[in-house]
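Undergrad: One structure, as structure tokens, below. Some questions next.
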């Protein structure tokens, strides 16, 4: 007689759910940042696993029977998390690339800061736009969209059985190509304004060669750049809102393309 009602199949099912959430979740933006303390991450994993397990779970029979199979399952879950995180990282990479272009045009190419999340060195304008875009992403419930993507993965991808098909690669390549076009769209207002400033300074240097155009142009370009940088917040929020509106269909298409079911 089992006094405590212990069912090994249910425990293995919970472990599969816990593995999926703990691996995939922290490969996604914001959740995987080093700024979040590890105890908070552990508590979040347990809460989400307990919340998801009664509704979305794998049967315990899917749990691998050998150590090699468990290792292969972990590798498959890591690849799944990297693919899901890549989609959102393309958005932030596009915004950072646009900020790099703006910083170069404003003369801030030597003014770099270290991103505490990624540990890379970026232009100050790129880091500023990245932090603003991250706050906008959270305000528009982008983090809930990421959790929803993990929930959809239970319906399409069994544990460690992600298939790298040609359709999946096509989806990723086509989506990553928008990073460069979105970066140009974000930086276009500032680039156009600074181009006109450069054109005006070139005409001034031709009309009055005795003027120090470099000394005069540097503060003018910074002032005009910051002025037009303020208009980017509304534009950037529209791009992020449109991205979040399309995020669920994008994730559904990627998961269905890599599903073995």
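Undergrad: Please enumerate the residues belonging to the range 51-87 that are over 28 Å from the mean Cα position of the chain (by Cα) and outside any helix (DSSP H, G or I).
TA: 54, 59, 63, 64, 65, 66
Undergrad: I've got another one for you. Give the range 208-256 a look and list any residue that's over 18 Å from residue 98 (Cβ atoms), free of Cβ contacts under 8 Å to residues at least 40 places away in the same chain, in a helix (DSSP H, G or I) and out of contact with any helix residue (DSSP H, G or I) (no Cβ under 8 Å at 6 or more places or on another chain), or say none.
TA: 214, 215, 219, 223, 245, 246, 249
Undergrad: Right, next: Go through the range 160-180 and report how many residues are surrounded by 15 or more Cβ atoms within 10 Å (Cβ to Cβ) and in contact with a helix residue (DSSP H, G or I) (Cβ under 6 Å, 6 or more places away or on another chain).
TA: Here is the first cut: in the range 160-180, the residues surrounded by 15 or more Cβ atoms within 10 Å (Cβ to Cβ) are 160-162, 168, 171-172, 175-176, 179.
Still in the list and also in contact with a helix residue (DSSP H, G or I) (Cβ under 6 Å, 6 or more places away or on another chain): 160, 162, 168, 171, 176, 179.
Looking only at that region, the number is 6.
Undergrad: Mind telling me which of the residues 188, 183, 207, 193 ends up being over 30 Å from residue 18 (Cα atoms) and surrounded by fewer than 13 Cβ atoms within 10 Å (Cβ to Cβ)? Steps first, answer last, please.
TA: Numbers: 188 fails: surrounded by fewer than 13 Cβ atoms within 10 Å (Cβ to Cβ); 183 fails: surrounded by fewer than 13 Cβ atoms within 10 Å (Cβ to Cβ); 193 fails: surrounded by fewer than 13 Cβ atoms within 10 Å (Cβ to Cβ).
Going through 188, 183, 207, 193 in turn, just one is over 30 Å from residue 18 (Cα atoms) and surrounded by fewer than 13 Cβ atoms within 10 Å (Cβ to Cβ): 207.
Undergrad: Which one of the conditions (1) surrounded by 12 or more Cβ atoms within 10 Å (Cβ to Cβ); (2) over 19 Å from residue 125 (Cβ atoms) does residue 214 fail to meet, given that it meets all the rest?
TA: (1)
Undergrad: Does residue 259 count as part of a loop (DSSP other than H, G, I, E, B) and either buried (at least 17 other Cβ atoms within 10 Å of the Cβ) or modelled with pLDDT under 80 (or both)? If you could, list the steps in order and put the result at the bottom.
TA: Values: part of a loop (DSSP other than H, G, I, E, B): yes; either buried (at least 17 other Cβ atoms within 10 Å of the Cβ) or modelled with pLDDT under 80 (or both): yes.
Yes; evaluated as a whole, the condition is true for this residue.
Undergrad: Before we move on, is residue 105 crowded, with 17+ Cβ neighbours inside 10 Å and modelled with pLDDT under 80? Let's see the steps before the verdict.
TA: Working: crowded, with 17+ Cβ neighbours inside 10 Å: yes; modelled with pLDDT under 80: yes.
Yes: the conditions hold for residue 105.
Undergrad: Could I ask something else about it? Limited to the range 77-95, what total is found for residues that are buried (at least 20 other Cβ atoms within 10 Å of the Cβ) and in contact (Cβ under 8 Å) with a residue 60 or more places away in the chain? Full working, then the answer.
TA: So in the range 77-95, the residues buried (at least 20 other Cβ atoms within 10 Å of the Cβ) come out as 77, 80-81, 83-85, 87-88, 91-92, 94-95.
If we keep only those that are in contact (Cβ under 8 Å) with a residue 60 or more places away in the chain as well, we get 77, 80, 83-84, 87-88, 91-92, 94-95.
Within the range 77-95, residues that are buried (at least 20 other Cβ atoms within 10 Å of the Cβ) and in contact (Cβ under 8 Å) with a residue 60 or more places away in the chain number 10.
Undergrad: Here is a further query. I'd like to verify a number: residues in the range 125-144 that are free of Cβ contacts under 8 Å to residues at least 40 places away in the same chain, buried (at least 16 other Cβ atoms within 10 Å of the Cβ) and either closer than 10 Å to residue 240 by Cβ or touching a strand residue (DSSP E or B) at 6+ places or on another chain (Cβ under 8 Å) (or both), how many?
TA: 2
The values are calculated or read from the model by the stated rules, or taken from the named source; none is laboratory data. This structure is a prediction, so every number in the text was calculated from the model and none was measured. Cβ sites come from the backbone with ideal geometry, for glycine too, and all protein chains shown count toward neighbours.
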